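Working notes, beginning with the structure itself.
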Amino acid sequence: GEQRHSYEPRLIRALRLMHITHISAGQDHSACLSALFRLTLTSDIQAPFSLVALPIMQVKRFFLSLRPAPIPGTGSPGAPMMVDACASGKLVHLPMPARFERDVPVVDVNTYHPTDLAKQVLLMDRSLYEGVWLKLSTDDFDYRVVLSVNSSDPPRDALRGDIMCPPSGQWEPEDCVGKICIVDVGQRTGSHEIADISRVVFETTVQIIEAEGVMAVFILPDKVDLYSPSLADLNVDFNSIGGDRLEQAGLQLEDFCFGVMQNSHGAHLAEHLKMLVDGRIEEAIQEALERG
């Protein structure tokens, strides 16, 4: 299965009042593992190549829609391997929005008119996952972020910027300008209490807002469950940790996007960023040796 993503198990609300007496994968599960689609891409500039994918419709409906055709050379319609009718069309890349908004079309109708998409092969760059996700251009991993109750929503076309994540946890205000700032809470407090963690989150968020950062993401300490930080969690007055400075500067906490990330995702992010830094250092050494 997919190994690059990490999702926490959650309750299936539709089944929360039911008593389960027997679990069976059954035909649908087996068919989902064996009924594959193959997409073959051709162009004038490179050799054809194929991609394999699973059907996204209900598997029972998929079976009802099949019109199996014998593969040439197998001899009979009942051969073990059969293919459905083939179809071809122009491949159209269809970007997905960063979040779902009710009554707002998923597809930008100003860019893609329905008639332009008819009879085309549509390539969606990603699924619409519930929640907020941090994506890096250098990594396929999806980093889940839970926004604060007091955070603004990210724009529909996503917040974009370079990452600022100092390994030591120390940074200067100019380091944050225009950056998505990643802060390890464990480097600022040894406490696992929500009140202490939330204090670090809000106090540091004020500093990042003042430093003109784009967004703040806080990595929670190990064994602390994901939660949505709130001003109500604080055991101190918000003004005493920087709220008054925001007010004096005419800034609003609710206009800034910030949230938390679970420790396992933060560890993966730190490891990936270290790999990138080590790669840059190696490239610099090689360039210096070549110059001489």
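Against the list (1) over 19 Å from Ser264 (Cβ atoms); (2) touching a His at 6+ places or on another chain (Cβ under 6 Å), the condition Ile208 fails is (2). Can you say whether Ile163 is modelled with pLDDT of 90 or more, among the β-branched types (Val, Ile, Thr) and open to solvent by 40 Å² or more (accessible area, probe 1.4 Å), as far as the supplied structure shows? In short, yes. Scan the stretch 233-255 for residues that are open to solvent by 20 Å² or more (accessible area, probe 1.4 Å) and in contact (Cβ under 8 Å) with a residue 40 or more places away in the chain and report the count. Final tally of qualifying residues: 4.
Checking each residue in the stretch 145-160 for being open to solvent by less than 70 Å² (accessible area, probe 1.4 Å) and on the phi < 0 side of the Ramachandran plot picks out Val145, Val146, Leu147, Ser148, Asn150, Ser151, Ser152, Pro154, Pro155, Arg156, Leu159. Taking every residue in the stretch 97-126 that is at pLDDT 80 or above and pairing it with any residue that is of a type outside the set (D, E, K, R) and assigned to a loop (DSSP other than H, G, I, E, B), at least 6 positions away or on another chain, the pairs with Cβ-Cβ distances below 6 Å are Gln120/Gly89. Within the stretch 197-213, is there a residue that is in contact with an Asp or Glu (Cβ under 7 Å, 6 or more places away or on another chain), under 28 Å from Phe141 (Cβ atoms) and open to solvent by 50 Å² or more (accessible area, probe 1.4 Å)? So far as the stretch 197-213 goes, no, none of its residues is in contact with an Asp or Glu (Cβ under 7 Å, 6 or more places away or on another chain), under 28 Å from Phe141 (Cβ atoms) and open to solvent by 50 Å² or more (accessible area, probe 1.4 Å).
The values are calculated or read from the model by the stated rules, or taken from the named source; none is laboratory data. None of these values were measured; they are calculated from a predicted model. Please note: Cβ atoms are built from the backbone with ideal geometry, for glycine as well, and neighbour counts cover all protein chains shown. All accessible areas refer to the heavy atoms of the entire protein, side chains included, with ligands and DNA or RNA removed. Shrake-Rupley method; radii C 1.70, N 1.55, O 1.52, S 1.80 Å.
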